Amino acid sequence: MALERKYVTDEYIHLWKTWSSSQSLQVEVPAARFIYELCWTVACGDLPLNKFRLAWDSVSLMDVCIKEEASSLLADTIAHMGQELTINGDFRSHLIDLAKWLVENELLSLRLLQERCEAEFLSDAEMIKIKAPDMKSKEVRVNTRLLYQQTKFNLLREESEGYAKLVTLLSRRGSDGLIKETAPAVISTIKSLIGHFDLDPNRVFDIVLECFELQPDNAAFLELIPLFPKSHTSHILGFKFQYYQRQDIEENAPGGLYVLAATLIKANFLDLDSVFAHLWPDDDQAVADYEFLTKRQLDEANRIGKINLAATGKDLMEEEKPGDVTIDLFAALDMEAEAALERSQEIINNQKLGLLHGFLLIDDWPHAYMLFERFANLNPAAHPQICDGLFRAIERTIECSYRLVRPAYLANLEASNAGRGISSSRDLDSMDIVQATATIDLGKEFFQMLACTGPYLYRNALLLQKVCRVLRGYILNADVNLAKQASATNQLSGDSIRKDARLQLKEARLCTEEALGSCLLPSLQLLPANPAIGLEIWEVMSLLPYEMRYRLYGEWEKEDEKIPLLVAARQTAKLDTRRILKRLAKENLKQLGRMVAKIAHANPMTVLRTIVHQIEAYKDMITPVVDAFKYLTQLEYDILEYVVIERLAQGGRDKLKEDGLNLSDWLQSLASFWGHLCKKYPSMELRGLFQYLVNKLKKGEGIELVVLQELIQQMANVEYTENVTEEQLEAMAGWETLRMQSTSFGATKNNKALSKSTSRLRDALLPKEEPKLAVPLLLLIAQHRSKVVIDADVPHIKMVSEQFDRCHGTLLQYVEFLTNAVTPTSGYAQLIPPLDDLLHKYHIEPEVCFLIYRPILHLFRPFKGATVSWPMDFGKISVQSSPMKESNTLDMANELSLDLGTGRKPVMWSEILTTVHSIFPSRAWNSLSPELYVTFWGLSLQDLFVPRKRYETEIAKQHAALKVLEESSDNSHAAIAKRKKDKEKIQEVLDRLSSEIQKQEQHAKLVHQRLVKEKDSWLTMCPDSLKINMEFLQRCIFPRCVMSMIDALYCARFVHTLHSLGTPFFNTVNHIDVLLCKTLQPMMSSCTEYEAGRFGRFLYETLKMAYYWKSSESIYEKECGNMPGFAVLYRDPNSQRVTFSQFLRVHLKWGNWITKSLILCLESTDYIEIRNALTVLTKISSVFPVTRKTGLNLEKRVIKIKGDDREDLKVLATGVAAALAARKRKREDRDIIPMKAEKEREREKDDISVANSKRRRLKRDHLSSEILPGPSSAPSMPSLSVLSSDQYDRDRDRKSSMALTSMFDESGYDKSVSARVHGKDAGKVGRREHDQPYDHDWDEDKRSRNDMKRRHHRPRSARDS
């Protein structure tokens, strides 16, 4: 038999044979393979036996570290080769010689060979003295004696002396008894007793365990346990447990037996699984019994509050007895007591639960936790015995930590009693820092214990408070560690340390969150009306971010649905809450409010959800419920905010009514309730709600913005409304005091509570450390305003209109709140992104950008520290007060800058103009200037108009109130004190009003001075003057007049200002003409409902201004007669002015165009056009129509709409019809043009005829001169395609003159006037415009023109007649 040798090669064998001394081959070989090959080579005779040592020493064995391992491998190899049955005699003789040689040379011990080799091989090698067959027989006899022969010991009943001595020995107490020091002697005595009296060792072990069971505190017994086989322990204990499982045994297993088993398992003398096989009952059976019991209890708990449909009338009357409402705070506890009594036998009969109790008694938490996890379906903590064991374990775990926390808590309590308590639990004040200086480390065992305890910690309220305080100190300690690491000076090491501190804080928060969700919050549900516990829990929860708190609230009741006790408590609280809400009124508010608070202290989630559901259904309950909430704690307020957000986010409910326009009643009620609640109670937190709104806006959903509207209205008294009176609208042009006193929604602005609530709302949007949501919310609302029109997925356009108006109203309200609340305005400027970012980064519409940025524009100053700012005139600033040298106003304007504080680059006015220039394409600036655009959008009504009448009226009102107080006849002490206080308030208001009107007049004066200086540069450089009014309307007036009512008034006032200033190249007549004749009908058709009302207001102000100028010729001459806005030529502001007769005729034309536009909309089939026309007509009904014919035409259409099936249109039409009927007497009887105006019109027509004849003659001469050129010395007419700049200007003047002339010709008598101008005669007008380059000659000869006029007058008159 050949062996393949990998390491003992022929080359190595040859070397080993030639060596005479030990040498090294410098090779490493596997030990087992090399030894086998080497032994095989020697046994085959290929290598002499005396060379074995040389070969052994020449190599290094790779996997052998010590000599014993090599010897063991040698012995295994020899034994294996000795068992070969196919080897020949020489091989076996060589192998025997090798074995002997190895033993002689001490490479292998004789004992190893005797252990591993067969008896035949050992006999042949003479390594044993007995022969091989005799060895086999002896082996059989020994095995039989050890395994099959039973030893007869002395049993207890046969001979009791030995056992009596054993029991006496183990039962001895004191220093002579079994203690740790005497344990060796006791062990020796036990051995002697066993040997002397031939005692059964298993029975002795049983007696030892019995004595240990009676003395569980004597740990010296553990020294005796190793005396006996470990495998016998489980069997002996199993026999003990099984004895109590017998049917004929009535007694239960004693508690000491469980303690004994737990002690042995804890000391590792016993395996838990080996004992479990002997315990009763089976796990499946126990779970089935518990589930049956739990299902029955859950059914009983769910029946609480259910109406019994089979009940008789008498039973129903007993259920709802009138009178005082009573609540049962202990109903759930009574049910729990009954359930505990019902399960009392379970822990007695269930040996596995008894073992769990034993683990808790000996403080063996690891094994106890294993059983808690194994019996999670049995809810073992429901048993009072196990629960008490858990309490003891928790108490021991937190003992050291509570000693560190308690002094700081007592100091904090003393400070609170002294009136200087901690204002906020989140502030790491001195008390908290003292508490957190010592390291508080809570191991995972503590949180495991709380999780196993579950809601049953309510049974020990004192321990619950300790747990809350320790948890609070745990989080504060992690906060302080993070703060310390953040201020570390070593930056390199500080990064890693801060990372560890952040991980520690995160771990502390997560563990605390788990403890709150699994134990503390459920336990709160079972504590009857204990607000102190709620406050302790809130002290812990307030240190967690609101995201964690809301996650806890969301999972609170979901995890408790399987526990009948908690379900019963929840159902009882819901039933009591509904019964109280049925009777809650203003008269019993105090009593029932306290009852609600008592129920809410234990079950805040259930009670508050029930209340919110009721409020969604019954809006009238908001006021009494809000008043009743004054008895709630901070924890309940926080849960209430979560409940509101939960209701907002809950799916399956429509947030709009079936019409798709109006908000659902439940959403309006919920928003109103939340606004009133946050206004009344300062402890309400709003960050979660704002984050919810931000998230919804990111998804493109903005319906919930109604909640923000209510918050701003209630907390900051900033209300958005379209229904304002004339007095209120005029008062809004004043400054803060007038607006507060004159508007109904600003009357309580001075209230301190309102001021505090405004600050709270601002701080919630702009917290110091939390993410600031004020600006993201503002930008998202502005972006959503644009997305509504584009992304709205609604079947009707009116739904888009409604959503747009709602979002726009929220934007106006929110911007006004920010500008009022963020003080000073420089803080607002630092908050808002730059104008360029608003336009190009966030893609917000220009009108909205200027709405947001307008207050910032008023902060631009010529130099830092200047007392005046844009848009006031600072041209009179003295050189001493200004660091700049004297320069003109325009240069100073270019140097305006905005200082944003240290660390931020100032914003220059030139940058604003550059940004504005990038808004529109370059062709738009051919008819408009960036300076005028910024001036228009940067100013407000307060800058242009001072409502002096409203100031005087309000001052008179305050004087009247003061007079009433002085005339009061009540002279009681309280009345006198009250009158004195009221007088002081009134006098303060009077002083503010008087000072305010002076300041506003001075401000308006300075603004006017600046406008006077800048007006000449606004439109002078615009190359395309014909489009000035259209561009101005499109870029400025229309976008802003539909922003708000005050902006509509501002637009009309700004146009009047441009006119009164005499702004060059701004033609007022053409502005009104373009507005009424070209853009009125498209504008009405493209507005939303609220925008139509604002546009109607702007139209009303414009018409009122125009009708005022028309009222008399003297007023016209004073206001308009010499103004550039009434120039006939656009390009020449100093040209001839529009006469009064022309102005009267154009008024008739405007009236006809307004009527035509309104009739087109009223007769349209589109809902939006009809509604907007009615809305506009409502706004202008006090000034239009002015003629009987127009009024009859409009009334006819409106009366027709009154019979429409759409209710909203019917209501609008009814109102408009009433307004038109009320104005019927004020209309003119017939459309009359004064005779003087008619004659003037005829003369103007003659002038135009003469001019046309002259122009045609010049054109013929020019064309003939081009065809038949004259002498070279004769001057030639300019070419049609090449004109000088002067000629081009005169050409533009002729165009504007002809446009105005055609405008005046359309007097409005004939309905076909418009058709003539815009239809068949349009070609004539176009041809006349082509003829205008030749008009510059006929002005040179005035006398010739007059002669021609007289010559053509008579034939013209004859033809006209």
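The values are calculated or read from the model by the stated rules, or taken from the named source; none is laboratory data. Just so you know, these numbers come straight off a predicted model, no measurement behind them. In this analysis, Cβ positions are derived from the backbone assuming ideal geometry, glycine residues included, and neighbour counts consider all displayed protein chains. Accessible surface areas use protein heavy atoms only, side chains included; no ligands, DNA or RNA. Shrake-Rupley method; radii C 1.70, N 1.55, O 1.52, S 1.80 Å.
A few remarks follow.
- Multiplying the residue separation of D388 and N926 by 0.36 nm and removing their Cα-Cα distance gives an extension gain of 184.8 nm.
- Average accessible surface area per residue within region 950-1098, 1.4 Å rolling probe, Å²: 42 Å²
- Counting protein heavy atoms only, region 496-562 has 54 percent of its accessible area on carbon and sulfur, 1.4 angstrom probe.
- Of all accessible heavy-atom area on region 1076-1136, the percent that carbon and sulfur account for (1.4 Å): 46 percent
- With the simple spin-label model, which puts each label point 7 Å out from Cα in the Cβ direction, the E161 to D836 separation comes to 11.4 nm.
- The mean sequence distance of close C-alpha pairs (under 8 Å, at least 6 residues apart), as a share of the length of region 1111-1165, puts its relative contact order at 22 percent.
- Surface accessible to a 1.4 Å probe, per residue, for the residues of region 1-150, Å²: 62 Å²
- Label separation (E373 vs D793): 4.7 nm, computed from points 7 Å beyond Cα along the C-beta direction.
- Packing-based ranking, highest mean first, of 658-671, 521-534 given that Cβ atoms within 10 Å are counted: 521-534, 658-671
- Loop-located GluC sites (Glu not before Pro) in region 937-972, at most 16 other Cβ atoms within 10 Å (DSSP): E967
- Added length on full extension, which subtracts the Cα-Cα distance from 0.36 nm per residue, N349 to E722: 126.6 nm
- Selection from F1098, H1059, I1046 lying farthest towards where the dipole of region 1015-1099 points positive, charges on Cβ: I1046
- Look at the dipole of region 10-112 built from charges on Cβ: of F34, S20, S60, the Cα furthest out on the positive end belongs to S20.
- In this structure, H959 and K698 have a Cβ-Cβ separation that, at R0 = 45 Å, corresponds to a calculated FRET efficiency of about 0.25.
- Computed over region 111-223, Cα set: Rg, Dmax in Å: 22.0, 64
- Cα-Cα over 32 Å, subset of K590/K772; K657/K1210; K165/K240; K772/K864: K590/K772
- Electrostatic dipole magnitude of region 11-58 [Cβ: Lys, Arg +1; Asp, Glu -1; Cα centre; debye, to 20]: 140 debye
- Entries in K679/K752; K444/K466; K798/K1104 that, when Cα-Cα distance is taken, lie over 22 Å: K798/K1104
- Taking only protein heavy atoms and a 1.4 Å probe, the accessible area of region 42-81 is 52% carbon and sulfur.
- Solvent exposure of region 496-603, expressed per residue, is 41 Å² of accessible area, with all protein chains present and a 1.4 angstrom probe.
- Spread over its residues, the convex hull of the C-alpha atoms of region 557-711 is 124 Å³ per residue.
- Relative packing of 1145-1157, 906-918, 644-656, which averages over residues the other C-beta atoms within 10 Å, highest first: 1145-1157, 906-918, 644-656
- Between R111 and R296, the FRET efficiency from the beta-carbon distance, with R0 = 60 Å, is close to 0.25.
- Remark: for residue pairs K598/K768; K6/K51; K558/K756; K1156/K1200, the C-alpha separation exceeds 27 Å in K598/K768; K558/K756.
- As a rough guide to protection, the peptides 786-793, 682-689 ranked by mean Cβ packing within 10 Å, highest first, stand as 682-689, 786-793.
- Positive-end ranking of F945, L993, S972 along the dipole of region 927-995, with charges on Cβ about the Cα centre, is headed by S972.
- Among the trypsin sites (Lys or Arg not before Pro) found in region 95-129, those both in a DSSP coil and sparsely packed, with 11 or fewer other Cβ atoms within 10 Å of their Cβ, are K129.
- For region 687-734 versus region 335-376, the spacing of their alpha-carbon centroids is 58 Å.
- Size of region 1127-1183 from its Cα atoms: along the principal axes, largest to smallest, the extents are 47, 24, 16 Å.
- Here the spin labels are modelled as points 7 Å beyond Cα on the Cα-Cβ line, and at S968 and W19 they lie 12.5 nm apart.
- With the alpha-carbon atoms of region 986-1087 aligned to their principal axes, the span from lowest to highest coordinate is 53, 34, 18 Å, starting with the largest.
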